[in-house]
Amino acid sequence: MISLRGILKQSNDVVRLARWFRVRSLKRVRRNLFEGYVRASTTRKLQLGSGSNELPGWLNSDGNWSTSNDRYLDITEPFPFIADTFSYIFCEHTIEHIHYNQAQAMLLECFRVLSSGGKIRLATPNLEAYLHLYHPASEAILGDCVTEKFNKNILPGFHAAINYRPITKKPDAVFVINDIFRNYEHKFIYDYQTLAALLRHVGFKRVTRCKVGISHDEVLCGLETHKDRINSFLTVVVEAMKPESPQE
């Protein structure tokens, strides 16, 4: 007679097997879509972790295997592209969802698939800004950030925030700061210096800090969805370039 433990194990095995077949099928379908984009495009632009932000003219990809369908791309695995394929890479509020060592491997892949002179733009929650929320009296927007994030995310129990709903309804920066670490399956939160150092470490040059929606390159302007006053303040944006020559 099969025990309950045995039934549950079989059920888990079936789920894992179904997921394996699903991901394999997605990879086969996405290969045709990705190759078609590369053939048809002269200025090739890759978005990683696009979610619902479909950018016209970009190859939009996402790592959620259950919803991304033919756009599936796991940024923790080697990219399915040959070297020097893209002129631009854009990645918004995605790198914080993987571990630091995985981010280094991801950026190495970005460096590999970018052509010489190609550019990468990363937007991610800004650790420095979040930690400043602990003393909101020093700047008006800090208090506004605490109030908005507390009321919109913490009190309603958004995602994992259900596990740390406060006992009072008074906005508190402690909950907002904990939320950026403990919620949304975040793995590592960056400040500018740490992210810039990681980009330089894998070979990128001309690392610069930008404001949300603004770039010296018009192709990289206006891409972010986290562009309202509060989210812009709490986001750090970094651009970098793959050198055009090894000596640069």
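Assorted remarks:
- For Gly222: the one exception among (1) among the small types (Gly, Ala, Ser); (2) touching a strand residue (DSSP E or B) at 6+ places or on another chain (Cβ under 9 Å); (3) without any contact (Cβ under 8 Å) to a residue 24 or more places away in the chain: (2)
So that you can scan it fast, the table gives a plain yes or no per residue for (1) in contact with a Lys or Arg (Cβ under 9 Å, 6 or more places away or on another chain); (2) of a type in the set (Lys, Arg); (3) buried (at least 19 other Cβ atoms within 10 Å of the Cβ):
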position: Leu155; (1), (2), (3): yes, no, no
position: Thr168; (1), (2), (3): no, no, no
position: Arg182; (1), (2), (3): no, yes, no
position: Glu185; (1), (2), (3): no, no, no
position: Tyr192; (1), (2), (3): yes, no, no
position: Ala197; (1), (2), (3): no, no, no
position: Leu220; (1), (2), (3): yes, no, yes
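- Breaking point among (1) in contact with a helix residue (DSSP H, G or I) (Cβ under 6 Å, 6 or more places away or on another chain); (2) in the same structural domain as Asn60 (by TED's automatic domain parsing); (3) of a type in the set (S, T, N, Q), for Thr225: (1)
- Unique match (being small (Gly, Ala, Ser) and surrounded by 14 or more Cβ atoms within 10 Å (Cβ to Cβ)) among Ser52, Ser87, Ser116: Ser87
- For segment 90-151, the helices (runs of 4 or more DSSP H) that sit wholly inside it and include 2 or more residues that are more than 22 Å from the chain's Cα centre (by Cα) are 140-149.
- Failed item in (1) under 18 Å from the mean Cα position of the chain (by Cα); (2) closer than 18 Å to His97 by Cβ; (3) not small (Gly, Ala, Ser), with Asn178 passing the rest: (1)
- Boolean, Phe81 is assigned by TED's automatic domain parsing to the domain that holds Val237, surrounded by fewer than 20 Cβ atoms within 10 Å (Cβ to Cβ) and either in a strand (DSSP E or B) or within 21 Å of the chain's Cα centre (by Cα) (or both): yes
- Count of segment 15-49 residues which are surrounded by 14 or more Cβ atoms within 10 Å (Cβ to Cβ) and among the aromatic types (Phe, Trp, Tyr): 2
- For Val207, the criteria (1) surrounded by fewer than 17 Cβ atoms within 10 Å (Cβ to Cβ); (2) of a type outside the set (Gly, Ala, Ser); (3) touching a helix residue (DSSP H, G or I) at 6+ places or on another chain (Cβ under 6 Å) hold in every case but one, which is (1).
- For first residues located in segment 1-28 and under 30 Å from Arg71 (Cβ atoms), partners that are modelled with pLDDT of 70 or more and lie 6+ apart or on another chain with Cβ distances below 6 Å form the pairs Leu26/Tyr72.
- Of the candidates Asp144, Asp74, Asp84, the single residue that is in contact with a Leu (Cβ under 8 Å, 6 or more places away or on another chain) and among the acidic types (Asp, Glu) is Asp84.
The values are calculated or read from the model by the stated rules, or taken from the named source; none is laboratory data. All figures in this text were calculated on a predicted structure; none of them were measured in a lab. Backbone-built Cβ (ideal geometry, glycine too); neighbour counts: all protein chains shown.
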